[in-house]
Ligand code: FES
């Protein structure tokens with residue numbers, strides 16, 4: 001199983017960009033829970049971490065597509081494809097992201 005382990009904790013509403021090999025991941029903390037999705041917009045391969053996170057929605061900085069970071073669902077165009085979402089567990093002050101889904 002491929003994992004990313006993060007020993008840094010986030011504040012609510014905060015997000016960080018992670019990279020493992022060629023995989024870009026956006027880790028967010030919302031209402032005390034961690035969520036991880038692909039950090040690449042499905043429209044034109046821009047880093048979503050440069051966009052704005054409001055509630056559970058991240059908005060792409062380039063053309064404004066919106067994605068739900070709890071599920072990866074595309075909520076608004078011009079993108080129409082969902083982004084990958086990954087399961088996250090929070091154990092012993094370490095956040096573990098299963099990157100092979
Ligand atoms: S690159 Fe994200 S909406 Fe176009």
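Only residues that are farther than 18 Å from residue 88 by Cβ and within 14 Å of the ligand (Cβ to nearest atom) were counted across region 44-56, and they come to 7. Residues in region 57-100 that are within 15 Å of the ligand (Cβ to nearest atom), buried (at least 18 other Cβ atoms within 10 Å of the Cβ) and not in a strand (DSSP E or B): 60, 65, 69, 72, 79, 83.
Considering the conditions (1) more than 22 Å from residue 8 (Cβ to Cβ); (2) under 11 Å from the mean Cα position of the chain (by Cα); (3) more than 9 Å from the ligand (Cβ to nearest atom), residue 41 is excluded by exactly one of them, (3). Picking from residues in region 4-16 that are part of a strand (DSSP E or B) and farther than 18 Å from residue 65 by Cα, the one that is nearest to the chain's Cα centre (by Cα) is 16. Just need a number here: residues in region 25-56 that are without any contact (Cβ under 8 Å) to a residue 24 or more places away in the chain, crowded, with 16+ Cβ neighbours inside 10 Å and either assigned to a strand (DSSP E or B) or at positive phi (or both). Total satisfying the criteria: 1.
Each reported figure results from applying straightforward, stated rules to the coordinates on display, with no laboratory input. Model, not experiment: these values are computed from the prediction. When we count neighbours, we look across all protein chains shown, and the Cβ atoms used for this are built from the backbone with ideal geometry, even at glycine.
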